[in-house]
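First comes the structure, then the notes that go with it.
Values quoted throughout were computed directly from the atomic coordinates according to the rules given, and no laboratory measurement underlies them. This is a predicted model, so every value here is computed, not measured. Note that each Cβ is placed from the backbone with ideal geometry, even for glycine, and that neighbours are counted across all protein chains shown.
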Amino acid sequence: MKVVLDTNVLVSALIQHGPSATPVDAWLDEAFDLITSAFQLQELRDVLSRPRIQKWVQPNEAAKLLNMIAAEAVVLEELPDLQVSPDPDDNPILASSVAGQADLVVSGDQRGLLDLKTVQGIPVVTPRQAVEQLGLAQ
């Protein structure tokens with residue numbers, strides 16, 4: 001199975017253990033292939049360098065996650081031009097799911113990605129729904 005984890009899910013997994021951490025932990029346990037992009041890696045670097053995030057995330061933990069994603073995930077360099085989200089910042093995440101032929105997009109974005117429900121037939125679900133769909137124990 002191939003899954004795209006939205007940036008907010010990755011950041012939340014570093015901040016607190018709970019539903020957002022479970023899909024990340026499952027990827028680390030090789031339960032699925034993580035699909036991402038060079039764009040998302042840069043976005044994740046930018047978010048993790050924000051002072052308000054650094055209060056909650058240790059720099060070594062942030063670096064460890066970034067390095068693991070860069071080394072172990074399928075990192076797409078080029079993405080299709082996809083304009084389906086009302087928030088243009090979400091479109092590269094959705095484009096990654098299409099280009100990487102993902103089976104699932106996992107997001108905590110209640111007023112953005114999750115409102116779409118699907119993108120080109122790919123379900124967009126919450127971390128809790130992903131836990132259920134992937135058959136993961138919490």
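Numbers at a glance
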{"read-out": "Cα lying deepest toward the dipole's positive end in region 2-133, options G100, L14, L28, charges on Cβ", "value": "L14"}
{"read-out": "Separation of alpha-carbon centers, region 56-102 and region 4-36, rounded to whole Å", "value": "12"}
{"read-out": "Helical contribution to [θ] at 222 nm, DSSP H n ≥ 4, -39,500 (n - 2.57), averaged over the chain, rounded to 500", "value": "-13000 deg cm²/dmol"}
{"read-out": "Computed over region 71-114: relative contact order in percent, which uses C-alpha pairs under 8 Å that are six or more apart", "value": "33"}
{"read-out": "Packing rank of 33-42, 46-55, 99-108, where each peptide gets the mean count of other beta carbons within 10 Å, highest leading", "value": "99-108, 33-42, 46-55"}
{"read-out": "Spin-label model distance (nm) - E77 vs Q58, 7 Å beyond Cα toward Cβ", "value": "3.5"}
{"read-out": "Low-density loop cleavage sites - trypsin sites (Lys or Arg not before Pro) in region 81-138, where at most 11 other Cβ are within 10 Å (DSSP)", "value": "R111, K117"}
{"read-out": "Dipole in debye (nearest 20) - the chain, about Cα centre, beta carbon charges: Lys, Arg +1; Asp, Glu -1", "value": "460"}
{"read-out": "Relative contact order (%) - criterion: Cα under 8 Å, at least six apart; region: the chain", "value": "32"}
{"read-out": "10 Å Cβ shell holding at most 16 others, DSSP loop, GluC sites (Glu not before Pro): longest site-free stretch of the chain", "value": "79-138"}
{"read-out": "Beta bridge orientation in the chain: antiparallel %, DSSP, nearest 5", "value": "15"}
{"read-out": "Charge context of P86, other residues only, Cβ under 14 angstrom, K/R +1, D/E -1", "value": "-3"}
